[in-house]
1. Please give the Cα centre distance for the stretch 294-316 versus the stretch 33-111, rounded to the nearest Å.
2. Which aspartates and glutamates, if any, have their Cα less than 18 Å from the Cα of LYS430, not counting same-chain residues under 8 positions apart?
3. Any idea how far apart SER118 and ASN89 come out in nm if each label point goes 7 Å out from Cα toward Cβ?
4. Rounded to a whole number, what % of the accessible area of the stretch 42-132 do carbon and sulfur atoms account for, probe 1.4 Å?
5. So which of LYS390/LYS591; LYS110/LYS390; LYS61/LYS342; LYS122/LYS390; LYS390/LYS613; LYS510/LYS613 end up more than 32 Å apart, counting from Cα to Cα?
6. Please report Rg (one decimal) and Dmax (integer) in Å for the Cα set of the stretch 225-276.
7. I want to check the label-to-label distance for ASP65 and ASN506. Put each point 7 Å from Cα in the C-beta direction and report it in nm to one decimal.
8. How many percent of the accessible area of the stretch 205-285 is carbon or sulfur, using a 1.4 Å probe?
Amino acid sequence: MKVKIYLVISFVLFGIAALFLPGINIQQPVLALNNGLALTPPMGWNSWNIFGGNINETQIKQIADALVSTGMRDAGYIYLNLDDNWMANPARDANGNLRCDPTRFPNGMKALGDYIHSRGLKFGIYGDRGTMTCMGIPQSGSHGYEQQDANTYASWGVDYLKYDNCYADADIQADYERMRDALASCGRPIVFSICAWQFQPWMPNTGNLWRTTGDISNNWNSICSILDQNSGLSAYAGPGRWNDPDMLEVGNGGCTDSEYWSHFSLWCMMAAPLIAGNDIRSMSSSIRTILTNTEAIAVNQDPAGIQGTRISSNNGLEIWLKPLGSANGNVKAVALFNRTSKWANITVNWSQIGIPNGPAVVRDLFRHTESSFTNSYTAYIAPHDTYFLKITYSGAMPPAPATTSYEAESGTLSGGAVIASSGYCSGGSKVGYIGGISSNGICVINNVYAATAGTYRMHVYYVSADNRTFYVTVNNGGFVGLPCPGSGNWNTVCSISMDITLNAGNNTIKFDNGAGAYAPDLDRITITPLNPAGVVFYQDVNYGGTASPSINRGDYSTLPGGIPNDWMSSLKIPAGWTVEVYEHGSFAGTKWVFTADTGWVGDACNDKMSSFKIY
């Protein structure tokens with residue numbers, strides 16, 4: 001069995017297959033806050049990463065001025081967000097109203113908000129769902145004061161609320177929903193940023209953005225860890241709802257410029273909020289160049305709102321894909337990321353990113369240069385650096401292939417494998433206790449249909465708190481180990497993809513762990529043909545006899561799939577495609593041209609077919 005494993009992990013909403021991979025129709029989650037705000041990822045600046053709790057009015061006004069003078073505002077950074085410790089101690093007056101520290105903010109929050117607005121910016125502030133904010137300031141939390149505090153924020157002209165998770169009880173969802181509803185009733189549009197340190201499935205219906213991880217730190221290992229934790233949540237992202245892997249550390253001094261460029265590029269690829277956290281009053285020209293790279297920002301702000309995903313990982317050499325404009329369009333953002341300590345070549349093939357073979361324009365978004373490349377692109381990349389690209393294919397795109405889904409609970413179970421109910425899984429059920437040293441639970445999914453023999457992409461949807469492995473066997477061939485990273489809990493449905501070879505007709509796919517440790521619980525699988533509908537050559541007239549594989553656009557110097565060069569009596573061609581058939585190899589000799597209207601061609605060239613082009 002020929003298998004290629006893609007370490008692309010996606011945490012998906014119940015009942016929704018939304019994987020941003022080549023050729024797959026994307027369905028966005030139906031849940032969203034729907035307040036009309038943050039239709040692209042929010043951009044701005046926050047005080048915490050550089051100043052912590054040491055903030056004051058003069059400093060914040062200087063930051064507002066610097067956002068303008070450095071060009072950051074014009075690049076899109078419009079939210080100036082105060083983090084913790086803006087409030088007095090204790091934080092409330094005799095009427096229970098929040099108040100700012102009178103020494104550090106002598107003119108009050110309303111005046112500060114007016115100043116921020118006068119600079120063409122928006123005003124963001126910080127709160128907490130508990131009794132105190134994370135700095136432990138008495139009375140600073142909003143628990144029990146949600147509507148009163150929302151009204152206060154509105155009266156100050158606040159446009160953005162970061163809402164933290166300290167000194168709080170276990171009723172986390174209800175607390176965030178109360179503030180969501182309070183903001184909706186306060187009379188002012190306020191972006192709602194949930195800061196609860198990990199993703200929960202209720203968050204897309206509650207906030208405009210939500211933290212998916214713990215706090216970021218100003219070092220390379222933290223940035224990479226945060227990247228990995230956020231990378232699998234693409235199914236939840238979209239206009240008005242964003243996964244937040246925490247603020248940018250770009251320019252804070254703990255990384256090289258190349259590492260900061262990778263940090264920035266990958267946050268752009270993930271459609272993450274771009275909230276700077278450096279002292280922009282004194283940043284270097286190289287940091288300013290990174291943060292104000294308008295071509296990279298345009299990828300982040302693409303109105304389609306698709307979160308990019310890692311489509312290939314090979315010993316620290318990674319390829320990330322973010323479709324631009326639409327899921328199956330002809331423009332793709334691609335990041336070639338070298339997270340190793342050595343220089344290395346990374347090659348992206350057009351087939352990996354869902355565009356046909358042929359020439360495409362590759363634009364380097366850091367160097368602002370472009371050129372045409374055919375079928376693939378290779379870059380020699382420094383350690384911890386990233387080539388951030390926009391790849392545009394100018395031809396017509398083939399139709400997206402259909403995806404079929406198979407529930408694990410419909411399979412044949414043996415050993416210790418059992419069906420268990422799960423409100424998080426598709427169909428409300430999953431199969432558990434797969435593997436196990438003594439029980440060796442097995443789930444076999446039968447009647448997996450393939451219209452033609454060939455390579456298909458299988459997405460495996462699973463639930464596992466820790467790292468586990470499936471053994472996958474297709475049609476009684478040899479098994480392949482499929483490592484499945486854990487999500488940290490048993491409530492999140494994840495997915496990982498691998499390429500498998502299927503026979504025409506019905507196939508069987510077995511999941512076990514070879515009488516070893518337990519595998520993840522299995523929710524379902526989806527099967528997608530890797531090649532979209534293409535050209536098929538037939539040995540006999542009227543589409544009869546032996547058929548060639550489905551062949552995509554691109555140039556072919558010899559015939560694929562063992563097709564003899566002494567026959568071609570009919571061929572099927574998708575609408576809008578053209579096929580040139582040549583008498584000799586290397587596109588030489590007499591040429592015949594066929595289109596979708598050709599139908600079967602009789603003996604027009606059945607003794608001369610040696611090469612062809614499809615476009």
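The values are calculated or read from the model by the stated rules, or taken from the named source; none is laboratory data. Please read all numbers here as calculations on a predicted model, not as lab measurements. Glycine also receives a Cβ, built like all others from the backbone with ideal geometry; neighbour counts cover every protein chain displayed. Keep in mind that these areas ignore ligands, DNA and RNA; they rest on the heavy atoms of the full protein, side chains included. Shrake-Rupley method; radii C 1.70, N 1.55, O 1.52, S 1.80 Å.
1. 29 Å
2. GLU407, GLU409, ASP466, ASP512, ASP521, ASP523
3. 3.1 nm
4. Details: 1480 of 3200 Å².
Carbon with sulfur: 46 percent of the solvent-accessible area.
5. LYS390/LYS591; LYS110/LYS390; LYS61/LYS342; LYS510/LYS613
6. Computed over the Cα atoms of the stretch 225-276, radius of gyration and Dmax are 11.2, 33 Å.
7. Label-label distance for ASP65 and ASN506, simple model: 7.7 nm.
8. Answer for the stretch 205-285 is 40 percent, counting heavy atoms of protein chains only.
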